[in-house]
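*Asks:* Input: one structure, supplied below.
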Amino acid sequence: MDRDSRFDIIIAGAGAAGLTLLWYILQSPSLRSKQILILDKSMHPVNDKTWCYWESNQLKLTPFIHHSWSELEVGAIGDSFSQKLETYSYNCIRNGDYTKHILSKAKKFNNITLLETGIQHFESIDDLGVVKTDAGTFKAPFIFQSVLKPPDFEESKVDISLLQHFIGWEIETQTEIFNPDKAVFMDFNVKQHDGVTFMYVLPMSKNSALIEYTLFSENLLDEVEYEQAIKVYLSDRYQLEAGKYKIIRKEKGAIPMEDRQFSSWYCKNVMNVGTVGGLTKPTTGYTFTRIHQQSKTIIAALEEGQKPPEIKASSYRFRVYDMMLLHILDSDPEISLKIFHDLFKRNKFDSILRFLEEKSNLFQELSIFSSLPYTPFFKSIYKMKHRIFTGA
Ligand SMILES: Cc1cc2nc3c(=O)[nH]c(=O)nc-3n(C[C@H](O)[C@H](O)[C@H](O)COP(=O)(O)OP(=O)(O)OC[C@H]3O[C@@H](n4cnc5c(N)ncnc54)[C@H](O)[C@@H]3O)c2cc1C
């Protein structure tokens with residue numbers, strides 16, 4: 001491999017972040033002719049993750065979209081609120097479809113090498129990024145990695161460390177019981193034993209849906225507990241007893257919800273992208289849209305022949321909001337439910353989504369906060385003051 005070990009760009013990890021970066025490279029006339037290496041332990045497309053996001057078609061991802069919803073429902077404290085979205089649509093992409101589509105495009109380019117191998121280590125030597133893999137060592141002026149936690153990960157400040165953990169079943173029913181235009185964004189009207197808990201229902205047609213049992217808490221449950229909760233929900237809400245539906249696929253995940261700051265650079269020539277680049281929004285787990293924003297910033301710099309800039313996932317203001325809400329989620333699940341209830345009862349869903357994707361302005365944020373119980377937020381500012389007043 002020595003002869004071919006030097007590339008212009010290496011993408012280490014072909015998950016959401018690596019593939020998205022590749023997708024934008026393929027659309028860039030000045031970058032798609034470069035010598036590019038893509039590494040991952042497996043590039044076989046498997047639909048085991050559903051990536052949802054909301055937007056008003058700025059991302060131009062129509063070929064990838066598996067299903068879209070124009071209406072969302074939220075349930076909390078015995079109430080249920082539904083609203084049609086005006087600005088956004090809520091879309092889902094299946095990771096296997098995304099992988100297949102992007103890699104089959106990349107395979108048409110002779111200058112793009114796809115290599116399945118285990119990635120072990122990154123370093124910078126003589127102004128080149130170096131990646132050591134089971135198949136050899138490869139170098140490039142820039143490596144974009146979504147595989148290993150940055151070396152300073154363990155030392156970075158973290159006060160709250162929760163997980164958003166879930167198991168989902170994609171089911172097919174004998175009768176038509178779902179509304180394929182409406183997704184259940186969060187239904188907190190379920191038993192709250194182990195932290196803030198909700199169901200997430202994505203109907204794909206009138207007789208199929210993905211149903212996920214999700215918790216915000218420190219520890220994972222046994223698989224059987226998530227699955228029992230899904231069975232109970234199917235029975236209580238849809239009168240679906242076992243035998244009346246078929247499980248066609250299962251999905252599970254545990255997404256970090258932490259107040260940790262991530263470094264943009266693993267070392268001088270190796271940039272952290274995706275989850276290990278700190279792109280996951282701590283209070284929601286949503287990462288996909290931020291991955292697109294990060295890729296666009298990287299591409300713009302590379303097209304200018306520049307080093308990509310430090311990329312902060314959130315501004316100071318939004319880091320403070322996330323810290324406050326994380327603190328409340330961690331310390332007081334009951335008041336968290338009241339906050340979700342009032343948030344969705346008293347605000348337009350489009351405004352909430354704009355706030356959650358950090359596109360709102362201070363005036364819009366004050367309007368949202370004024371609809372919520374304020375004492376828990378003041379308490380959380382007090383409890384988190386050592387972070388909030390030292391740069392978060
Ligand atoms: C089940 C699930 C559902 C999610 N749903 C959503 C959602 O709806 N919306 C949203 O915005 N976010 C969602 N997320 C969060 C986030 O968008 C995803 O986790 C996303 O996949 C993160 O992209 P990534 O590239 O950082 O990591 P990944 O997609 O996990 O990619 C990392 C890649 O590195 C490879 N790799 C790892 N270790 C090695 C190694 N040692 N050697 C070689 N290769 C290696 C893996 O094979 C993988 O392909 C979800 C997460 C999960 C787990």
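The values are calculated or read from the model by the stated rules, or taken from the named source; none is laboratory data. These numbers come from a predicted model, not from an experiment. Don't worry about glycine lacking a Cβ; one is built from the backbone with ideal geometry, like all the others, and counts go over all protein chains shown. Accessible surface is based on the protein model in full, side chains and every heavy atom, while ligands, DNA and RNA are left aside. Shrake-Rupley method; radii C 1.70, N 1.55, O 1.52, S 1.80 Å.
*Asks:* Can you tell me how many residues within the range 291-322 are open to solvent by 40 Å² or more (accessible area, probe 1.4 Å) and of a type in the set (Ser, Thr, Tyr)?
*Replies:* Here the count works out to 3.
*Asks:* Sticking with this one: Take the range 72-103 and flag every residue that is free of Cβ contacts under 8 Å to residues at least 60 places away in the same chain, within 16 Å of the ligand (Cβ to nearest atom) and farther than 18 Å from Leu59 by Cα. Before the answer, list the steps.
*Replies:* Filtering the range 72-103 for residues free of Cβ contacts under 8 Å to residues at least 60 places away in the same chain gives 84, 89, 91, 94, 96-97, 100-101.
Narrowing further to those that are within 16 Å of the ligand (Cβ to nearest atom): 89, 91, 94, 96-97, 100-101.
Listed by number, the residues that qualify are Gly96, Lys100.
*Asks:* Checking the structure you have, find out if any residue of the range 342-361 is without any contact (Cβ under 8 Å) to a residue 12 or more places away in the chain and in contact with a helix residue (DSSP H, G or I) (Cβ under 7 Å, 6 or more places away or on another chain). So that I can check it myself, show each step before the final result.
*Replies:* Taking the range 342-361 as the starting set, the residues that turn out to be without any contact (Cβ under 8 Å) to a residue 12 or more places away in the chain are 359-361.
From what's left, in contact with a helix residue (DSSP H, G or I) (Cβ under 7 Å, 6 or more places away or on another chain): 360.
The answer is yes; a qualifying residue exists.
*Asks:* Working carefully through the options Phe109, Phe142, Phe178, Phe153, find the one that is under 30 Å from Ser70 (Cβ atoms) and more than 13 Å from the ligand (Cβ to nearest atom). Break it down stepwise before answering.
*Replies:* Working: Phe109 fails: under 30 Å from Ser70 (Cβ atoms); Phe142 fails: under 30 Å from Ser70 (Cβ atoms); Phe153 fails: under 30 Å from Ser70 (Cβ atoms).
Just one listed residue meets the conditions, Phe178.
*Asks:* Working carefully through the options Leu72, Leu61, Leu31, find the one that is surrounded by fewer than 20 Cβ atoms within 10 Å (Cβ to Cβ), more than 30 Å from Thr137 (Cα to Cα) and among the hydrophobic types (A, V, I, L, M, F, W, C).
*Replies:* Details: Leu72 fails: surrounded by fewer than 20 Cβ atoms within 10 Å (Cβ to Cβ); Leu31 fails: more than 30 Å from Thr137 (Cα to Cα).
Criteria check complete, one pass: Leu61.
*Asks:* Go through the range 1-20 and count every residue that is within 12 Å of Ile112 (Cβ to Cβ) and open to solvent by less than 30 Å² (accessible area, probe 1.4 Å).
*Replies:* First, pick out the residues of the range 1-20 that are within 12 Å of Ile112 (Cβ to Cβ): 7-11, 14.
If we keep only those that are open to solvent by less than 30 Å² (accessible area, probe 1.4 Å) too, we end up with 7, 9-11, 14.
Qualifying residue count for the region: 5.
*Asks:* Name the single residue that is nearest to the ligand (Cβ to nearest atom) among those in the range 34-53 being closer than 19 Å to Pro141 by Cα and open to solvent by less than 20 Å² (accessible area, probe 1.4 Å).
*Replies:* Leu39
*Asks:* Still on this model: Any idea how many residues of the range 257-279 are more than 19 Å from Asn95 (Cα to Cα), within 13 Å of the ligand (Cβ to nearest atom) and open to solvent by 40 Å² or more (accessible area, probe 1.4 Å)?
*Replies:* So the first thing to find is which residues in the range 257-279 are more than 19 Å from Asn95 (Cα to Cα), and the list is 257-272, 277-278.
Filter again for within 13 Å of the ligand (Cβ to nearest atom), leaving 257, 262, 271-272, 277-278.
Now restrict to residues that are open to solvent by 40 Å² or more (accessible area, probe 1.4 Å): 262.
So the answer is 1.
*Asks:* Right, another one. Test of understanding: among Ile298, Ile328, Ile291, which residue is more than 16 Å from the ligand (Cβ to nearest atom), among the β-branched types (Val, Ile, Thr) and either in a helix (DSSP H, G or I) or in the same structural domain as Lys379 (by TED's automatic domain parsing) (or both)?
*Replies:* Working: Ile298 fails: more than 16 Å from the ligand (Cβ to nearest atom); Ile291 fails: more than 16 Å from the ligand (Cβ to nearest atom).
Residue meeting the stated conditions: Ile328.
*Asks:* If you go through the range 118-155 one residue at a time, how many are surrounded by 15 or more Cβ atoms within 10 Å (Cβ to Cβ), more than 24 Å from Thr297 (Cα to Cα) and over 24 Å from the mean Cα position of the chain (by Cα)? Walk me through how you get there before you give the answer.
*Replies:* Filtering the range 118-155 down to residues surrounded by 15 or more Cβ atoms within 10 Å (Cβ to Cβ) leaves 119, 122-124, 128-131, 133, 137-148, 150, 153.
Those left that are additionally more than 24 Å from Thr297 (Cα to Cα): 119, 133, 137-138.
If we keep only those that are over 24 Å from the mean Cα position of the chain (by Cα) as well, we get 133, 137-138.
Residues that pass the stated criteria total 3.
*Asks:* Identify the single condition in (1) within 13 Å of the ligand (Cβ to nearest atom); (2) out of contact with any Leu (no Cβ under 7 Å at 6 or more places or on another chain); (3) farther than 23 Å from Lys139 by Cβ that Lys312 does not satisfy, given that it satisfies every other one.
*Replies:* All conditions are met except number (1).
*Asks:* Pairs, please: C-beta under 8 Å, at least 6 apart or cross-chain, first residue among the β-branched types (Val, Ile, Thr) and in the range 14-34, second within 15 Å of the ligand (Cβ to nearest atom) and at pLDDT 95 or above?
*Replies:* Partner pairs satisfying both residue conditions: Thr20/Ile291; Thr20/His292; Thr20/Ser295.
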